[in-house]
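Below: one structure, written as structure tokens.
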């Protein structure tokens with residue numbers, strides 16, 4: 001293990017020429033607070049790191065991880081065969097992983113965290129790297145079109161990816177390429193304060209390839225307007241938890257029709273602080289959520305209904321030259337013919353600080369909650385009824401309308417919500 005902390009005068013760790021096998025047994029490298037350091041190691045050393053499992057670089061002014069001034073003898077490929085964890089944290093000057101356009105191979109890499117690498121000006125974090133980085137990129141490619149992953153990087157076993165505060169340039173994926181070469185095994189994806197000016201997180205092709213994704217967490221990504229684009233094929237069949245927080249530009253999570261058996265393993269959904277959102281999911285998605293156990297919708301002041309009639313052929317979009325959102329035409333989805341929606345395993349339902357919420361669903365569907373035990377409805381002043389069809393929740397015995405012991409039950413969900421609304425209406429007039 002090699003750990004270097006707060007050596008502000010250190011400008012080099014290794015010379016270009018190292019004795020063969022001198023670092024071949026290194027398993028962990030952790031470097032933090034080395035502000036005079038320009039790079040971590042030359043390619044001659046990188047080639048020797050055959051046992052390296054953990055690489056963490058943080059809080060330094062490093063511009064690249066691997067560098068070699070002797071370009072003529074530099075290899076075309078860099079392979080770290082046993083690297084499992086890569087963490088790049090608070091490296092404001094980091095622009096690329098290597099100096100030249102090498103092919104990178106991380107066959108054992110499972111976890112990648114990129115935090116606080118402010119990708120702007122002429123730089124971006126490119127795990128495959130390019131010979132030069134200029135404003136406008138190479139071959140006419142604009143800088144904001146550069147991708148974190150492209151055809152030069154191989155991480156076939158990547159399972160966990162966290163991107164946090166990485167600035168406003170560069171996409172996660174090159175949408176022109178198929179995903180399997182770098183993230184077909186991805187299980188956990190966290191995007192936090194991802195400032196790229198893209199309106200959706202996944203393209204259709206990317207979504208179809210992330211078949212093993214189990215946990216998706218999206219926080220404070222202001223440019224995102226939708227999460228899951230329209231699909232006709234199965235997507236995210238193994239997704240179990242979805243957490244969305246602080247997404248004020250988001251106006252759609254599931255916008256249109258989704259392929260059968262998509263999202264059918266979701267067991268926990270938390271949507272918090274999404275001020276532009278008007279609904280959570282269409283009926284066609286709600287019917288797939290047979291494993292859902294916890295549903296929490298909080299502090300999203302413009303949500304009017306949780307479940308809405310499924311729509312296809314349109315979406316809420318922003319004009320390129322106008323920041324105002326506009327609705328495009330929709331057509332009814334023919335998959336909504338059945339008049340009953342059943343939540344087999346939903347146990348906990350939390351509706352909190354939803355100032356415009358009128359009902360769980362404004363259509364006249366009947367709802368059955370076979371396992372529902374806990375319901376919290378707090379500060380939803382416009383919720384006149386739970387739904388406009390019949391509702392059955394045989395395991396439910398009360399509804400909490402406050403943070404303290406403000407419990408009430410009037411026989412069923414609809415009657416309980418209706419009477420609380422009438423009471424609040426009377427109290428507001430006195």
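Descriptive notes on the structure:
- Looking at region 238-351, the strands (runs of 3 or more DSSP E) lying wholly inside it that each contain 3 or more residues that are at pLDDT 90 or above and over 22 Å from residue 366 (Cβ atoms) sit at 241-245, 268-272, 294-298.
- Every condition in (1) at negative phi; (2) modelled with pLDDT under 95; (3) assigned to a loop (DSSP other than H, G, I, E, B) is met by residue 371 except one, and the failing one is (2).
- Residue in region 70-82 that is at pLDDT 85 or above, in contact with a strand residue (DSSP E or B) (Cβ under 7 Å, 6 or more places away or on another chain) and not in a loop (DSSP other than H, G, I, E, B) present: yes
- Some residue of region 16-35 being on the phi > 0 side of the Ramachandran plot, in a loop (DSSP other than H, G, I, E, B) and at pLDDT below 90: yes
The values are calculated or read from the model by the stated rules, or taken from the named source; none is laboratory data. On a predicted model such as this, the values are computed, not experimentally measured, just so you know. Positions of Cβ are backbone-derived with ideal geometry, glycine not excepted, and every protein chain shown enters the neighbour counts.
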